[in-house]
Amino acid sequence: MAVDVKRYVQGCRECAMSKSPRHLPAGKLLPLPVPNRPWSHLGIDFIVDLPASEGCTCVLVIVDKFSKACRLMPLPGPPTALETAEYLFNHVFRYYGLPEDIVSDRGLQFTSRVWRAFFKCLGVTISLSSGYHPQTNGQTERKIQEIGRFLRTFCHSHQESWSQFLGWAEYAQNSLRQSTTGLNPFQCVLGYQPPLFPWDGEPSDVPAVDYWFRESERVWGETHRQLQRALRRRRSTADLRRSQAPAYQPGQKVWLSTRDIKLRLPCKKLSPRFIGPFTIVRQVNPVTYRLQLPPEYRIHPVFHVSLLKPHHPSVLLSTGPGVAEEPPLPLLVDDGTAYLVKEILDSRRRGGRLEYLVDWEGYSPEERSWVPRNDILDPSLLEDFHTSHPS
């Protein structure tokens, strides 16, 4: 009996769509590879919508994942893909050499063909975050928070002057000791810490070139070991708050969380927590999967496993006329979801507004619901209803 009840509850479509998960987020931490040298693995992002300061409203943030060093470039506005690539070449690559990998979110610049073609010619790998999972580029996101805190401290009452402090923000960030490495970025990249203020004493002797290389090699080796230790600590800490990821197989159906998907429904609190089910196409890596989404869904089809949950077929599938075993998936309309209306059955007034009783295409009669006039997108449905119900 208990087994039958469990199977029935697991296969309940309404429960799967409406109930919030109570288990820990699925998917153990899958860290990016630890770099072996400075400026070989980069993270990039933008700070946008800043007040105009000397003609600039945007900042390009570039973070070295080895030393945690950053470069901050004020820009007049969000650049194109080619302009972003040129900024990187002129302000980073020509000083530190070509990187091996660049991590970014799925902004328009980073998903364009120009961006991919440019770095393919340079032999640089492009790594994009999975859908609605910005933690992939977490180091850059964290650096942006620290830069924002610095700028708020120095120009909160003169916000139009933020660009004047950007150079000092970069200098300060690169002088901060990092808990992961035990060094600041200047020490890690240059082998020494430049003075924070003008030095009044006599300049020290310049070390020999061979000493500089030996010291830099020692510093980089120690930095790499510290990064590996910090990564192990971070991974063990993060995994305490996560559960083991389910082993989904291609062809298996899963529910997709609506946490970051706009639904065309009047109240988010009463909206379904999951939509689908969708079929898994393939496993991208141990914690991300590509789903087979309808062509009208204009979202990236790769999702972190924490946004998925397994679909269990119902033990009481309806096979009545006009009712499919699997109800049709919602359509994507104007960045929101919509369902097909089979017929409008009745109308009423509630709270001064007109509502209609809708029979949904592919759903059983118990799924009928009252919806406001504004949520019915096809005016011909309303015309047909009022023609047949003139009163």
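On the given criteria, is Leu82 under 27 Å from Cys188 (Cα atoms), at pLDDT 85 or above, of a type outside the set (Ser, Thr, Tyr) and not in a strand (DSSP E or B)? Don't jump to the end; show me each part of the working.
Values: under 27 Å from Cys188 (Cα atoms): no; at pLDDT 85 or above: yes; of a type outside the set (Ser, Thr, Tyr): yes; not in a strand (DSSP E or B): yes.
Criteria not met by Leu82.
I'd like to check something: does segment 108-125 contain any residue that is closer than 27 Å to Gln187 by Cβ, without any contact (Cβ under 8 Å) to a residue 24 or more places away in the chain, outside any loop (DSSP other than H, G, I, E, B) and not charged (D, E, K, R)? Looking for residues that are closer than 27 Å to Gln187 by Cβ, without any contact (Cβ under 8 Å) to a residue 24 or more places away in the chain, outside any loop (DSSP other than H, G, I, E, B) and not charged (D, E, K, R), one finds none in segment 108-125, hence no. Scoring Asp101 on the criteria (1) surrounded by fewer than 17 Cβ atoms within 10 Å (Cβ to Cβ); (2) within 26 Å of Thr288 (Cα to Cα) leaves a single failure, condition (1). Within segment 285-309, track down each residue that is over 12 Å from the mean Cα position of the chain (by Cα), crowded, with 21+ Cβ neighbours inside 10 Å and modelled with pLDDT of 85 or more. Result: Tyr289, Leu291, Leu308, Lys309. Condition (residue is surrounded by 14 or more Cβ atoms within 10 Å (Cβ to Cβ), over 16 Å from Ser112 (Cβ atoms) and out of contact with any His (no Cβ under 6 Å at 6 or more places or on another chain)) applied to segment 78-90: is it met by at least one residue? No, every residue in segment 78-90 fails to be surrounded by 14 or more Cβ atoms within 10 Å (Cβ to Cβ), over 16 Å from Ser112 (Cβ atoms) and out of contact with any His (no Cβ under 6 Å at 6 or more places or on another chain). I'd like the residue in segment 20-59 that is on the phi > 0 side of the Ramachandran plot and buried (at least 18 other Cβ atoms within 10 Å of the Cβ) and, out of all such residues, is modelled with the highest pLDDT. Among them, the one singled out is Trp39. Given the criteria charged (D, E, K, R), under 24 Å from Ile376 (Cβ atoms) and modelled with pLDDT of 70 or more, does Arg282 qualify? It is false that Arg282 is charged (D, E, K, R), under 24 Å from Ile376 (Cβ atoms) and modelled with pLDDT of 70 or more.
Here's the yes/no breakdown for (1) basic (Lys, Arg); (2) in contact with a Phe, Trp or Tyr (Cβ under 8 Å, 6 or more places away or on another chain); (3) in the same structural domain as Cys12 (by TED's automatic domain parsing); (4) not in a strand (DSSP E or B):
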site: Arg348; (1), (2), (3), (4): yes, yes, no, no
site: Trp370; (1), (2), (3), (4): no, yes, no, no
site: Asn374; (1), (2), (3), (4): no, no, no, yes
site: Leu381; (1), (2), (3), (4): no, no, no, yes
site: Asp384; (1), (2), (3), (4): no, no, no, yes
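When we screen Pro99, Pro38 for residues that are within 24 Å of Gly182 (Cβ to Cβ), more than 23 Å from the chain's Cα centre (by Cα) and outside any helix (DSSP H, G or I), the only hit is Pro38.
Can you tell which of Glu325, Glu366 is at pLDDT below 80 and part of a helix (DSSP H, G or I)?
Details: Glu325 fails: part of a helix (DSSP H, G or I).
Result: Glu366 is the single residue among Glu325, Glu366 that is at pLDDT below 80 and part of a helix (DSSP H, G or I).
The residues of segment 65-79 that are in contact (Cβ under 8 Å) with a residue 60 or more places away in the chain and assigned to a loop (DSSP other than H, G, I, E, B), listed by number, are Lys65, Phe66, Ser67, Lys68, Ala69. One residue stands out among those in segment 152-167 that are assigned to a helix (DSSP H, G or I) and modelled with pLDDT under 75: the one that is surrounded by the most Cβ atoms within 10 Å (Cβ to Cβ), which is Cys155.
The values are calculated or read from the model by the stated rules, or taken from the named source; none is laboratory data. Owing to the predicted nature of the structure, the values given are computational and were not obtained by experimental measurement. No Cβ is skipped: glycine too gets one built from the backbone with ideal geometry, and neighbour counts run over all protein chains shown.
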